[in-house]
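Enquirer: Below is one structure. I have some questions about it.
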Amino acid sequence: MEVAREAIDYAYAKGAVIVVAAGNEGAEIKDYGIAMSDKILLVGATGLDDQRMGFFQLGAAISVSAPGS
């Protein structure tokens with residue numbers, strides 16, 4: 001995980017936008033490791049009704065959601 005953190009820090013320092021999918025377990029995010037960083041844009045999924053997809057993670061760490069079905 002340290003290599004991933006170093007890569008994220010490097011990319012962020014170069015001005016990259018780092019986007020990570022929130023996951024597919026349908027549970028609340030409690031500790032999502034490096035994705036909890038303020039350098040990461042954590043993305044969730046919504047359905048056609050603009051509501052959270054049942055299989056997708058939820059929680060305050062998610063930055064934005066977009067259609068995912």
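The values are calculated or read from the model by the stated rules, or taken from the named source; none is laboratory data. As the structure is a prediction and not an experimental result, all values here were calculated from the model. Positions of Cβ are backbone-derived with ideal geometry, glycine not excepted, and every protein chain shown enters the neighbour counts. Ligands, DNA and RNA are stripped out before the accessible areas are found, and what is left, the full protein with its side chains, is counted by its heavy atoms. Shrake-Rupley method; radii C 1.70, N 1.55, O 1.52, S 1.80 Å.
Enquirer: Using heavy-atom solvent-accessible surface (probe 1.4 Å) with all chains present, what is the largest-first order of Ser69, Ser37, Ser63?
Expert: So, going from the largest accessible area down, we get Ser69, Ser63, Ser37.
Enquirer: Please give, to one decimal in nm, the separation of the simple spin-label points placed at Asp38 and Tyr12, each 7 Å out from Cα toward the Cβ.
Expert: Reported label-point gap for Asp38 and Tyr12 is 0.9 nm.
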